[in-house]
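Readers should treat all values here as calculations from the given coordinates under stated rules, not as data from a laboratory. Just so it is clear, the structure is predicted and the values come from calculations on it, not from any experiment. Quick reminder, even Gly has a Cβ in these numbers, built from the backbone with ideal geometry, and neighbours come from all protein chains shown.
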Amino acid sequence: MDENNAQIQSQGSVCSDSNGEDTYKNDGEPLCAADRRICLIGNLASDTKLHSVAESFGVPVVTSVNGFEYVFDDSCCTYYIIDSFEGDIYNALSKSRQTILGPTALQQLAAKEKKELPDNTRPLFNIAMRGVVVCFTGFRNKDELTKLVPLIHHMGGSIRRDMTAKVTHLIANSCGGDKYQYASTFKVPVMNLQWVVDSWDHRCDLDFSSSVDSFVSKYKLKPFHGAKVCFLGFPEEEKSHMTEVLEANGGLITSVDDPNCTHVVVDETSVVERPDVNARAFVVKAEWFWTSVQKEYSLDEKEYLFDDYIEHAIATPGVRRDSRTGTPSSASRRKRKRIHETLQSLVQQTQSPALHKRRSSVSDAGLLSVSGSFLDCTVSPVSTTPGRRHSIKNDKGLLDKAESEETPQITSARHQVFLELVQTESNYVEILSIIVKLFKQYLEEMLDEDPLLNFTELNLIFGKLPPIHETHLKMLDELRWTKAHWNEERSIGDIIIKYSTELQRAYPPFINYFEEMKEVLTKCDQSKPRFHAFLKAMQTRPECGRQSLQELMIRPVQRLGSISLLLNDLLKHTPKPNPDHAALEQAMAALREVMTHINEDKRKTEGQVTLFNIFNDIDNCPPDIVSSHRNYITKVEVTQLGSSDGLSSKGSNLVLFLFSDQLEVCKKKSKAFNSMKSPSASVSSFQMAGKPVVKPYKHVKMMALNTIKRVIDIKETEDCQKVFSLVCRGSDDMKEKLFSFAMSDDDVDKVDFLKTLTRTMANNVCSADADKFMAYLEPQQLDIDTSDLSTNTLTKAFKFAKTRLKVGRTFSFNKSTPSKLKRAVSSMMSPFGSSTNLTPASQLANMRLASYSNINELGNNTENSNDPPPVAPMSVQPTRKVKSTSLNVNTFKRL
């Protein structure tokens, strides 16, 4: 290093004037600063690509081993291109304050539209941090800064001592302090040390920028970095969950007696006294913890201090005292005065401050008296809705807020029930207002910044609530007017009747999609940590009565029933001569009509949602399965017996979806064995972002119910369990097909399913007799054996059934066909036979009579046959020649 400096000094004596005056060109003119050249040093001199890049600037390009010969050449400004910012050559050039560039910076500058060499005097290896202005906080070891500062400069960044509007990033070693709070207030990213180190590791990457959001997000300082936190008063399960969240966000769990404890987070509902901790530790509410997680900053603890600790800090000598006088500081006095003023305002009204403006005051949780239902809570003798002036102007005059808050004298039992109606309605509107203002509006305002939910999720959760809120606000205004001008002749029923139409319009959209709303809310809560933290923080707010958003959102489902009960009670205490008696009866009838309409609309909506869910669950499902005239009935999981053309191979796992006019047959995919039983509970149409939809079923065939001619119930035996068959007419001809199935769904009763199927078939053809579609056979009549069929274990993929008769796509009868099978099947071809009640023996005779025209053959078969008779009645086929009974197609084969 000394030799290099000596070499530079010796060369400088040749180029410098002895008197130290400015150097001139040969013609006597001063040197022009615009005269520049690029010098490629060392191995870079042989890099032809870099040489071309240097020439693109339109200045002379020279090469050198070390560049020392140009150090004191003032004829032009020299840019030294060095591949390493360390070593003797770099140190010597840097010490002599030469303009040094890295090869990366040269290429990046050449790629700009306006190719200009920089005027900076600091060495510049790349421009990965160009435009980045950094400020530091929380560093006690200056050696760390000594390493970081040059790296930032080498990447084109700059550094400021204080936080100003120009600072783009704060690099912190701990969470807290004025600079940190400034950054959190003005949304300045707070970074850790590794951000600079890893940025320098990418110094040779031409396309790298350390300020892109994807890279910055990896190195943001976690909100509890360096904090040692103790949780006090929480249930064990909640404490365990909070500990996991704390550690995931950079904090460490500790005990309350740890002298290095920085924060004590308390559950103010169970902790009533300030814990004994070191004087430097902050004692804060749980809202501070969860809101910090949500905002990804450690928030100012002074805004979330535990109430008893605030009073203790103000009253205790030695705490927050002025260092010069030893007396409580003026800031403490102002704090105490502000708390007193806040308490006075809380006595007069209940506030719902915005999330970002929290008061450091005594908790107003005690103002809420929560009983079995949140609707029964009493905020005050009267409650005001946040953000709304409860006054009403109509033909009865103007009622101002002060007048509405007067507590009336109870004059009768009817009056008392009415006051209960007003109070519960007031509390209900308060809940709706909290949901709208504290949750919905706050989340909507974040859409332009760093939203917790996207627009679709917000609409699915809160979109159906505002009409309900507005309707009940108007109802509450009229109820309060009636309360302020009460007499026994006042009509409450007319108010309900007046708004019944609006209630009928407002409630169905919310109730119809309530389950979907809950599903979306649960998924977002589980998959979005910041949204989960937001919900937890809101739950700690006294305005919410410590109830979760899920619990608050169920109130609209309960409210109409609650009003109906109160109206019924009011009617009991209203004499018949009172004009309101008839009005109350009409109001109850109108309310019942509203609830009936809601239930009917919900039933229709659920049916349509179910159809959409089924459609979304089936791969290659025909789109016309979703139809306004089609209803979903039930489904059953089966295993196919035999190999019938048009469905699937034997042993296949199928699912039959029964609709009001169709039977959808689909194959169950091997990866979907554990799918949900009910289509309405299957994969929802709402999918979380980034997660692909996995469809558990594959479409096989959709059969119209009018093509199913007969349902065969196979008698249960030891070797034949839960088996049934369907006789269907082919779509391309009039030939019948036989499909046999063994039910693999243990939760579905075979008899109930078959009755449902035949009843649906009868309804589809407008027939009152469902039994004529049912037939009963012994297993040996179709030679079916399912003894080795694993119906109880879906994970074994259902072994192939031992079906000794292979049923083809269609079947025919000839001399080789067993007579008993001909008799059984021929009697099933038409369900529209005689419906006369016959004995089993006479029905069996008619079965054979319908299949044979030769009476002698029938008699011989009857006398010699050892076949057991059918176990249940069957409908009778009239004797006639039917072409379908002599089909010439595939013959039954032995397996």
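Fully extended, how many nm does the chain gain between Glu444 and Asp276 (0.36 nm per residue separation, minus their Cα-Cα distance)?
56.4 nm
If you take every residue apart from Glu296 with its C-beta less than 9 Å away from the C-beta of Glu296, what net charge results, scoring Lys and Arg +1 and Asp and Glu -1?
On the way: positive: Lys220, Lys222, Lys295, Arg530; negative: Asp450.
Its environment carries a net charge of +3.
Using a basic spin-label model with each label point 7 Å from the Cα along Cα→Cβ, how many nm lie between Lys166 and Thr634?
Spacing of the two 7 Å Cα→Cβ label points: 7.8 nm.
If I model a spin label as a point 7 Å beyond the Cα along the Cα-Cβ vector, how far apart are those points for Ser217 and Asp771 in nm?
With each label point 7 Å from Cα toward Cβ, the separation is 6.7 nm.
Test of understanding: what is the full-extension gain from Thr146 to Thr48, defined as 0.36 nm times their sequence separation minus their Cα-Cα distance?
The span from Thr146 to Thr48 would gain 31.7 nm if fully extended.
Neighbouring Cβ atoms within 10 Å as the yardstick, rank Tyr499, Tyr776, Tyr632 fewest first.
Tyr776, Tyr499, Tyr632
From the P(r) of the range 133-219, could you give the percentage of C-alpha pairs in the tail past 18 Å?
40
More than 17 Å apart: what percent of Cα pairs in the range 71-140 qualify?
Here the tail beyond 17 Å accounts for 51 percent of pairs.
Is the C-alpha gyration tensor of the range 50-105 telling us rounded, prolate or oblate? Criteria: a/c under 1.5 is rounded; beyond that, a/b larger than b/c is prolate, otherwise oblate.
Since a/c reaches 1.5 but b/c is at least a/b, the shape of the range 50-105 is classed as oblate.
Taking 22 Å as the cut-off for C-alpha to C-alpha distance, list the pairs among Lys147/Lys220; Lys179/Lys536; Lys166/Lys220; Lys437/Lys518; Lys440/Lys483 that go past it.
Too far apart for the 22 Å limit: Lys179/Lys536; Lys440/Lys483.
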